[in-house]
Amino acid sequence: YRALYNYKPQNDDELELLESDIVLVMEKCDDGWFVGTSRRTGLFGTFPGNYVEK
């Protein structure tokens, strides 16, 4: 998946996204949040699913 927008984490378990980041999505939650790892930083966390596209 590729990030469409920047996302600044609001909590410790959230993943920072920068536009065009590649994210390996591991899980899609029913509430619209995704769980995955940023290829840029190697960090793991949650982020809004509508901020990325396949």
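Numbers for the structure displayed
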{"read-out": "Residue 38 surrounded by 17 or more Cβ atoms within 10 Å (Cβ to Cβ) and among the hydroxyl-bearing types (Ser, Thr, Tyr)", "value": "yes"}
{"read-out": "Residue selected from the stretch 16-54 under the condition farther than 12 Å from residue 1 by Cα and hydroxyl-bearing (Ser, Thr, Tyr), by the criterion nearest to the chain's Cα centre (by Cα)", "value": "46"}
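Read-outs throughout are calculated quantities, based only on the coordinates presented, and are distinct from any laboratory measurement. Quantities reported herein were computed from a predicted structural model and do not represent experimental measurements. Note that we place each Cβ from the backbone using ideal geometry, even for glycine, and neighbour counts take in every protein chain shown.
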